[in-house]
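Here is the structure we will look at.
The values are calculated or read from the model by the stated rules, or taken from the named source; none is laboratory data. All figures in this text were calculated on a predicted structure; none of them were measured in a lab. Positions of Cβ are backbone-derived with ideal geometry, glycine not excepted, and every protein chain shown enters the neighbour counts. Note: areas computed on protein heavy atoms with side chains; ligands, DNA, RNA excluded. Shrake-Rupley method; radii C 1.70, N 1.55, O 1.52, S 1.80 Å.
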Amino acid sequence: MSSTITVVYNSNNILESITVCGHAGIKKSGEGYEVCIAISALTQAMYISLLNIVGKKYLLLKKDDAFINLKIDNFDELDYNKQNEYKIVSDGYLIAIKSLIKEYPDFIKYKEE
């Protein structure tokens, strides 16, 4: 079993949505459990950071057990500084996720659309 992370970009190469689905692994320490915790912590940290930058009006969040979908809404309405901050945070998140994938490729499936 693995987590699936799906990233969708808009036509300007801005992260439009991210979906994390499933548990990265297994139930014991050392068998993927840490990866699941890392993905969850990174995703929640990104959401909190983006919420502070753009506000609730622009972020759509759906969350359930082993599922989270975060989508930016009306990105073009944000002022230039908020757009830049959004891009920095979302790019940083993706760097961290891709680093996890390199270290634990058996526990994370990643696709971009």
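So how strong a dipole does the chain carry about its Cα centre when Lys and Arg Cβ are +1 and Asp and Glu Cβ are -1, to the nearest 20 debye? Could you put the intermediate results ahead of the total?
Details: 13 positive and 15 negative charges, 46 e Å.
Computed about the Cα centre, the dipole is about 220 debye.
Where both residues lie in the chain, what percent of DSSP beta bridges are antiparallel, nearest 5?
On the way: 17 of 22 bridges.
For the chain, the DSSP antiparallel bridge percentage is about 75.
Could you give the accessible area per residue of the chain, probe 1.4 Å, as a whole number in Å²? All intermediate terms of the calculation are to be shown ahead of the outcome.
Details: 6860 Å² over 113 residues.
That works out to 61 Å² per residue.
Under the shape rule built on the C-alpha gyration tensor, where the axes satisfy a ≥ b ≥ c, the stretch 54-113 is oblate, since a/c reaches at least 1.5 while a/b does not exceed b/c. Charge tally around GLU85: other residues with Cβ under 13 Å, Lys/Arg +1 each, Asp/Glu -1 each, net 0. To test your reading of the geometry: what angle, between 0 and 90 degrees and rounded to tens, separates the Cα axis of helix 33-54 from the longest principal axis of the chain? On a 0 to 90 degree scale, this one is about 10. Taking 0.36 nm per residue of sequence separation and removing the Cα-Cα distance, the TYR9/GLU113 pair yields an extension gain of 36.8 nm. Between the exposed loop cleavage positions of the chain, defined as trypsin sites (Lys or Arg not before Pro) in a non-H, G, I, E, B DSSP state with at most 16 neighbouring beta-carbon atoms within 10 angstrom, the longest gap is 29-113. Alpha-carbon geometry of the chain: the Rg and the Dmax are 14.2, 45 Å, given in that order.
Per-atom-type breakdown for the chain gives carbon and sulfur 53% of the accessible area (1.4 Å probe, protein chains only).
Electrostatic tally near VAL8: other residues with Cβ closer than 11 Å to its Cβ, Lys and Arg +1, Asp and Glu -1, net -1.
Per DSSP helix of 4 or more residues, -39500 (n - 2.57); summed, then divided by the residues of the chain. What does that give at 222 nm, rounded to the nearest 500? Spell out each step's value before the answer.
Numbers: 2 runs with 46 residues, N = 113.
That comes out to -14500 deg cm²/dmol.
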